[in-house]
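Have a look at the structure below, then the notes.
The values are calculated or read from the model by the stated rules, or taken from the named source; none is laboratory data. Keep in mind it's a predicted model, so treat the numbers as computed, not measured. Using ideal geometry, Cβ is built from the backbone for each residue, glycine included, and neighbour counts are taken over all protein chains shown.
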Amino acid sequence: MVFKKKSKDKIVETIKISRENSLDEKYKKGLKKSRESFIYKLKKLVTKYREIDADYFNELEEILIMSDVGAQYVDKLIKKIKEEAKINNIKTPEQSEKLIFDYLFKNYLKNSSLEEKEINLSKDKLNVILVIGVNGVGKTTSIGKLAFYLKNKNYKITLAAADTFRAGAVDQLEIWSNKISIDIIKPEREGQDPASVVYLALEKAIQNQSNILIIDTAGRLENKKNLMLELEKINKIIKAKSNNANIETLLVLDATTGQNGIHQASGFNEVTKLTGIILTKMDSSSKGGIILSIKDYFDIPVKFIGLGEKLEDFEKFDLVKYLNSLIGEDLYKNE
Ligand SMILES: Nc1nc2c(ncn2[C@@H]2O[C@H](COP(=O)(O)OP(=O)(O)OP(=O)(O)O)[C@@H](O)[C@H]2O)c(=O)[nH]1
Ligand SMILES: [Mg+2]
């Protein structure tokens with residue numbers, strides 16, 4: 001049998017397409033619960049209402065709030081849909097649905113492009129990623145996943161175990177570093193000042209020419225004064241020691257905690273400048289709308305999402321894949 005040799009371009013293209021397909025699948029699987037709660041209910045409105053009347057809008061409001069889109073955002077959205085429906089003479093729930101999706105899409109982007117929402121990493125200088133958030137949201141797990149994700153993109157990574165507060169936290173991060181085979185800087189003694197671990201880790205990351213240093217911190221309930229002091233100290237050291245590094249401060253939020261996440265984001269945002277959010281446990285949540293709500297409220301983009309407990313259940317946040325997965329149709333495309 002004679003096989004026709006595929007051109008290199010064609011093979012590269014095939015690999016690209018299959019990677020994209022598996023990414024789409026990952027999103028669809030991870031957002032299954034949210035999709036079921038959101039779109040199935042929305043579809044019910046289509047059979048229930050012939051026209052978009054006051055009852056329709058009341059039910060729509062309830063569905064959006066139950067999906068954690070957030071009351072303030074839902075208000076804005078419903079007003080906009082009513083306006084647009086009037087202007088464009090839209091009468092049916094089917095037509096209204098498309099207006100809703102388009103509004104969600106456009107409002108997420110507001111004044112910026114899709115690319116601007118990505119993590120800012122340079123290969124020419126050190127990048128420091130500081131990971132913060134309250135207890136148990138998935139900081140340490142996300143750091144393991146993020147390190148794995150970035151290592152696969154050929155970055156050299158060092159981890160800093162600056163959670164010196166909880167017994168076992170350092171070991172937990174070390175397990176990840178062993179699994180992925182990357183360097184980790186640990187405290188020399190229990191209860192050591194986290195800022196001093198950051199100091200050592202920066203030295204080490206510069207010395208071993210890492211591209212990225214990812215810093216794990218202790219989970220805390222927002223005791224603002226202490227938090228502020230500690231983050232201030234850590235930030236000062238990063239600025240002083242890191243030779244003008246790119247600094248990303250990522251807040252980890254647990255999607256299952258719903259609107260409480262907004263409250264947490266607000267607390268941390270007052271204390272330190274957040275550059276992005278890692279939203280974990282999307283697979284366990286049926287309230288995927290939280291992403292839209294956070295973006296609308298703070299204009300802080302979700303940069304990564306956790307889609308399960310495995311190392312590879314973690315992806316860069318992609319608005320198109322997210323909305324398509326939530327809607328259950330490939331309605332939008334990445335240009
Ligand atoms: N299903 C699911 N579980 C997750 C995800 N991310 C984290 N978890 C789980 O959440 C739990 C807490 O994760 P940790 O990484 O220890 O959270 P943490 O924020 O570091 O916790 P503290 O250090 O105690 O503040 C673990 O059982 C993780 O497996 C996710 O995306 N999906
Ligand atoms: Mg932790």
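Kindly provide the set of residues from region 270-287 that are more than 19 Å from Tyr108 (Cβ to Cβ) and either part of a strand (DSSP E or B) or within 8 Å of ligand 1 (Cβ to nearest atom) (or both), ordered by number.
Within region 270-287, Thr280, Lys281, Asp283, Ser284 meet the criteria.
Among the residues of region 69-84, is any closer than 23 Å to Phe314 by Cα and surrounded by 22 or more Cβ atoms within 10 Å (Cβ to Cβ)?
Among the residues of region 69-84, at least one is closer than 23 Å to Phe314 by Cα and surrounded by 22 or more Cβ atoms within 10 Å (Cβ to Cβ), which makes the answer yes.
Go through region 297-315 and give me each residue that's in contact with a Leu (Cβ under 9 Å, 6 or more places away or on another chain) and of a type in the set (D, E, K, R).
Of everything in region 297-315, those that are in contact with a Leu (Cβ under 9 Å, 6 or more places away or on another chain) and of a type in the set (D, E, K, R) turn out to be Lys303, Asp313, Glu315.
Check region 127-136 and report whether any residue there is away from ligand 2 (no atom under 16 Å from the Cβ), under 22 Å from the mean Cα position of the chain (by Cα), on the phi < 0 side of the Ramachandran plot and touching a residue at least 40 places away in the same chain (Cβ under 8 Å).
The answer is yes; a qualifying residue exists.
Has region 143-162 got at least one residue that is assigned to a strand (DSSP E or B), within 11 Å of ligand 2 (Cβ to nearest atom), in contact (Cβ under 8 Å) with a residue 40 or more places away in the chain and within 12 Å of Thr217 (Cα to Cα)?
yes
Report whether or not Asn178 is at pLDDT 95 or above and surrounded by fewer than 19 Cβ atoms within 10 Å (Cβ to Cβ).
yes
Here is a list of conditions, (1) surrounded by fewer than 19 Cβ atoms within 10 Å (Cβ to Cβ); (2) in contact with a Ser or Thr (Cβ under 9 Å, 6 or more places away or on another chain); (3) closer than 21 Å to Ile294 by Cα, and Gln264 meets all of them except one; can you say which number that is?
So Gln264 meets the others, but not (1).
Which one of Thr256, Thr249 is surrounded by 19 or more Cβ atoms within 10 Å (Cβ to Cβ), among the hydroxyl-bearing types (Ser, Thr, Tyr) and part of a helix (DSSP H, G or I)?
Thr256
If you check Asn211, Asn226, which single one turns out to be among the polar types (S, T, N, Q), away from ligand 2 (no atom under 16 Å from the Cβ), over 20 Å from the mean Cα position of the chain (by Cα) and more than 21 Å from Phe314 (Cα to Cα)?
Exactly one residue qualifies, and that residue is Asn226.
Does at least one position in region 216-238 carry a residue that is under 26 Å from Glu25 (Cα atoms) and not aromatic (Phe, Trp, Tyr)?
Within region 216-238, none of the residues are under 26 Å from Glu25 (Cα atoms) and not aromatic (Phe, Trp, Tyr).
It is to be established whether one or more residues within region 233-249 are more than 19 Å from the chain's Cα centre (by Cα) and within 16 Å of ligand 2 (Cβ to nearest atom).
yes
Looking only at residues that are within 16 Å of ligand 2 (Cβ to nearest atom) and not hydrophobic (A, V, I, L, M, F, W, C) in region 268-288, which one is surrounded by the most Cβ atoms within 10 Å (Cβ to Cβ)?
The qualifying residue surrounded by the most Cβ atoms within 10 Å (Cβ to Cβ) is Thr280.
Looking at region 181-200 only, could you name the residues that are within 16 Å of ligand 2 (Cβ to nearest atom) and in a helix (DSSP H, G or I)?
Pro194, Val197, Val198
Taking region 144-163, which residues are out of contact with any Ser or Thr (no Cβ under 7 Å at 6 or more places or on another chain) and crowded, with 22+ Cβ neighbours inside 10 Å?
Gly144, Lys145, Leu146, Ala147, Ala160, Ala161
Filter region 221-242 down to the residues that are surrounded by fewer than 18 Cβ atoms within 10 Å (Cβ to Cβ) and in a loop (DSSP other than H, G, I, E, B), then identify the one that is nearest to ligand 1 (Cβ to nearest atom).
Leu221
Just checking, does region 292-300 include any residue being surrounded by fewer than 23 Cβ atoms within 10 Å (Cβ to Cβ), aromatic (Phe, Trp, Tyr) and touching a helix residue (DSSP H, G or I) at 6+ places or on another chain (Cβ under 7 Å)?
So far as region 292-300 goes, yes, one or more of its residues are surrounded by fewer than 23 Cβ atoms within 10 Å (Cβ to Cβ), aromatic (Phe, Trp, Tyr) and touching a helix residue (DSSP H, G or I) at 6+ places or on another chain (Cβ under 7 Å).
Here's the yes/no breakdown for (1) among the basic types (Lys, Arg); (2) part of a helix (DSSP H, G or I); (3) over 25 Å from the mean Cα position of the chain (by Cα):
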{"site": "Arg50", "(1), (2), (3)": "yes, no, yes"}
{"site": "Glu59", "(1), (2), (3)": "no, yes, yes"}
{"site": "Gln72", "(1), (2), (3)": "no, yes, no"}
{"site": "Asp75", "(1), (2), (3)": "no, yes, no"}
{"site": "Ile78", "(1), (2), (3)": "no, yes, yes"}
{"site": "Glu83", "(1), (2), (3)": "no, yes, yes"}
{"site": "Lys86", "(1), (2), (3)": "yes, yes, yes"}
{"site": "Lys91", "(1), (2), (3)": "yes, no, yes"}
{"site": "Glu94", "(1), (2), (3)": "no, yes, yes"}
